Each structure stands twice: as C-alpha cells, then as structure tokens.
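First up is the structure itself, then whatever we jot down about it.
Rule-based calculations on the coordinates, nothing more; no lab input. Every value quoted in this text rests on a predicted model; they were computed, and no experiment measured them.
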Amino acid sequence: MAVIFRPISRSATVPIFKNKTEDSDGWLSILLALRLRQIENEYPDYASFADATGLSRGTLYQLRTGKGNPTFVTLERLARHLKVPVWTLIGRTGDDDSVKRDIETFGFNFNEIARHIEATRAVKRSMTEFSGVPSLKEAAIPAGATSEKKQPPQTKKRRRTSQ
C-alpha cells in the first residue's frame, strides 16, 4: 500500500492512503514476490525464468513485484511449471507431514482430500483422452464451418489521378 505523508504542521504528519483497502499489500503477496525472486536466481536469465513459469510476462512482473493478486489456479499452474509445491511459493517448507498436520488441525481428513484430488485429475485425463469428445474450442464451431478466420478478398487499390 502506498502511503503519502502530508505535513499538518511542522511537527506532525498524517498518512494519506492512495487506495481505500489494505488488501493489496498483504503478507502472501510479499512472500510470493520474494520467493519468485529467489527461484529466479536459479535460472541463467530473466527470459528463461519467465518462459519456465508458464505465465505471461505482465502477470509475472505483477507477481514478482508484489502487486499481483493471483488466483489459486494461477498459483497451482506456476508451481507445476516451476516443479515446486505451491506451499514453497509462499514460504512454507511444504513437506507432506506439516501440510497434513495443518489440514487435520481444522478437522479435515488429508487422505480423503488427496483421493478426491487424484480422482478429479483422473476424470479430467480420461475425458481429454477420449477420442469422441471435441475440445471446447472445436465444440463452439458450427458444423461445416472452419476454425480459420476468412480473409476478405483483396481488391486492387486504384490510383487517384489529379485533374
């Protein structure tokens, strides 16, 4: 959160917030930015790191400067592309025992959740492998149409002759 101090008198200052909420400068955003910078140091240059993340450069910039607000899906995708657990992106060790303890502290069964996640992934894999089902992109195209955009016929430009 950007804070601007404006003097009231010579001896006192009052913070004026540019934004109405303080959510944009949360701990998780800062931890994610710091961890991304650490992970980036493991790559030879920024370009190879950016390519490895699977994110657009704009999104990556927002995240590594602490200005982004990633969705859970974005965090999972980022972790998958960087081949690290999601937990490590926010500064946790992420070993299964500590995660299991944390989850079970709230009364959830870690093994049930793990089975549910794996079953969901298996269904998604089987649907994409099933040859008779078109992808969502293909399903949106009417029968007989092609997915390529038709180019308008090119016409020759006539030269104007001055009179």
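Evaluating 6.51 cos²θ - 1.76 cosθ + 1.60 at θ = phi - 60° for every residue in the range 33-43, the Karplus couplings come out as 4, 5, 5, 4, 5, 5, 5, 4, 5, 7, 9 Hz, glycine and proline recorded as x. In sequence order, the range 58-75 has phi-based couplings of x, 5, 4, 4, 4, 6, 7, 9, x, 9, x, 9, x, 7, 4, 4, 4, 4 Hz under the Karplus curve 6.51 cos²θ - 1.76 cosθ + 1.60, θ = phi - 60°, and Gly or Pro positions carry x. In order along the range 109-122, the Karplus-derived 3J(HN,Hα) couplings, from 6.51 cos²θ - 1.76 cosθ + 1.60 at θ = phi - 60°, round to 9, 4, 5, 5, 5, 4, 5, 4, 4, 5, 5, 4, 5, 5 Hz, and Gly and Pro are given as x. Annotation: extensible slack from Thr120 through Ile30 equals 29.3 nm (criterion: 0.36 nm per residue apart, minus Cα-Cα distance).
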